[in-house]
2 protein chains.
Amino acid sequence: MKKGSKREEIINTAALLFRKRGYTATSVRDIAREMGMEASSLYNHIASKQEILNHLLLSIGQLFSEGMKDIKTSPLNSIQKLERLVDMHVRLTIEHTDAISLIPNEWIHLEAPAIKNFLVLRDEYEKEFTAIVSEAIDQSYVKEVNIELAVFSILSTLRWLYSWYSKNKSINPIELETEMRKCLIDGLRISEHTV
Amino acid sequence: MKKGSKREEIINTAALLFRKRGYTATSVRDIAREMGMEASSLYNHIASKQEILNHLLLSIGQLFSEGMKDIKTSPLNSIQKLERLVDMHVRLTIEHTDAISLIPNEWIHLEAPAIKNFLVLRDEYEKEFTAIVSEAIDQSYVKEVNIELAVFSILSTLRWLYSWYSKNKSINPIELETEMRKCLIDGLRISEHTV
DNA sequence: GTCTATAAGTCGATAGAC
DNA sequence: GTCTATCGACTTATAGAC
């Protein structure tokens, strides 16, 4: 496993601590202790604690934006795009568990102007997600539901998947994608027509 | 609207601030400012900041436990119980939005022994929730899915509902229950047999 | 690039006057 | 029950020696 720069090590260490204790409750000294150095030494590699949070959230936000763009511009139909979105969340959750854990809550500790950049990225992502669900309804792949609530429901689970994955790392990624599509798109109930 | 005691006012004010800024980033002085008094005066009504968090999380946990007990011991069948659980989350979210917002993340800031009490309540609740889904599968109301992942998926959305509701308070509660049951149990996809 | 020392401020909580 | 004053610990971040 290739080792990153010391800066990257610090950022990854911070991500783990931010996930476990929260951004505010994690001190620069905590990060330094975990790195085996003094707090002041960290400042040779990072500008501030805030910069770490900013970097983590905006870089993971970029990954989601790029993934969304690829799926949106693909030749897949709307329901296939929806399935690919679920798969992308599963894959990014497995690859960037700690950074992703900051998305639901810790973004509130971003300062201006970083917080605005993050919220713009998030809003754009949700709009594009909503457009795909809307298209799936128009094309009769999906039932007529409250679209905003359906998108919220799917994204809530996908954004929290990191907490489930943290405790179940041995699951096969393909199986996780399959199960998530069942839970989020297909539904649990056995329809009366097929019983 | 009946006004509570000053202690209750403080706790409700703290809940709102904890939701918006997080427990750690909310100072006792912040709570006092919102109450229009000095920080030291709060201590005539509460023992500590930690006591507020403890009270909020354990009292809301009690409400869920009691609701679960009522549903579990009811004469409903398993799929009806599952629907009632969704309804209960919706109702408690509407009635206790701020306190419920602390469940996904802020419990990590509980100290011993309160944190253990909270986690015992939560684990019991999840076990009983899982048992009901399991029963629904055995009785062929629900498809054969990864039970733990399905429960996680449903609870993720229900625990995050407070954030959607905070921005959409005008929705009719009955409609919200109906839509959540569709998203979480029935599924979005139109099955091939019914098209 | 790492250290020691420290600045400048905030934290939760308490003492004691009124 | 509310206030002013304050304690001691902790916070992020910087200065400067090596």
- Output for segment A:153-195, where each listed residue is of a type in the set (Lys, Arg) and within 18 Å of the chain's Cα centre (by Cα): A:ARG159, A:LYS167, A:LYS169, A:ARG181
- Query: Out of all the residues in segment B:1-10, which are open to solvent by less than 40 Å² (accessible area, probe 1.4 Å) and not aliphatic (A, V, I, L, M)?
  - Reply: B:GLY4
- Message: Quick check on my filter: what residues within segment A:35-56 are surrounded by fewer than 18 Cβ atoms within 10 Å (Cβ to Cβ) and near DNA strand D (Cβ under 9 Å from one of its atoms)?
- Response: A:GLU38, A:ALA39, A:SER40, A:SER41, A:TYR43, A:ASN44, A:ALA47, A:SER48, A:GLN50, A:GLU51
- Within segment A:17-40, residues within 11 Å of DNA strand C (Cβ to nearest atom) and acidic (Asp, Glu) come out as A:GLU38
- Query: Here is a list of conditions, (1) closer than 21 Å to B:SER163 by Cα; (2) in contact with a helix residue (DSSP H, G or I) (Cβ under 9 Å, 6 or more places away or on another chain), and A:ASP87 meets all of them except one; can you say which number that is?
  - Reply: (1)
- Task: Could you pull out the residue among A:GLU106, A:GLU111 that is surrounded by fewer than 19 Cβ atoms within 10 Å (Cβ to Cβ) and not polar (S, T, N, Q)?
- Result: A:GLU111
- Query: Under 6 Å by Cβ, and 6 or more places apart or on different chains, what pairs join a residue from segment B:128-140 that is buried (at least 21 other Cβ atoms within 10 Å of the Cβ) with one that is among the β-branched types (Val, Ile, Thr) and at pLDDT 95 or above?
  - Reply: B:PHE129/B:VAL151; B:VAL133/B:ILE147; B:VAL133/B:VAL151; B:ALA136/B:ILE79; B:ALA136/B:VAL142
- Quick one: count up the residues across segment A:152-183 that are touching a residue at least 12 places away in the same chain (Cβ under 8 Å), within 13 Å of B:ALA150 (Cβ to Cβ) and facing another protein chain (nearest Cβ under 7 Å). 2
- Message: Whether any residue in segment A:11-34 is free of Cβ contacts under 8 Å to residues at least 12 places away in the same chain, among the acidic types (Asp, Glu), within 15 Å of DNA strand D (Cβ to nearest atom) and open to solvent by 70 Å² or more (accessible area, probe 1.4 Å) is what I want to check.
- Response: no
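The values are calculated or read from the model by the stated rules, or taken from the named source; none is laboratory data. A quick note: this is a predicted structure, and the numbers were derived from the prediction, not measured. FYI the Cβ positions are ideal-geometry reconstructions off the backbone, even for glycines, and counts take in every protein chain you see. The accessibility values were calculated without ligands, DNA or RNA, using every heavy atom of the protein model including side chains. Shrake-Rupley method; radii C 1.70, N 1.55, O 1.52, S 1.80 Å.
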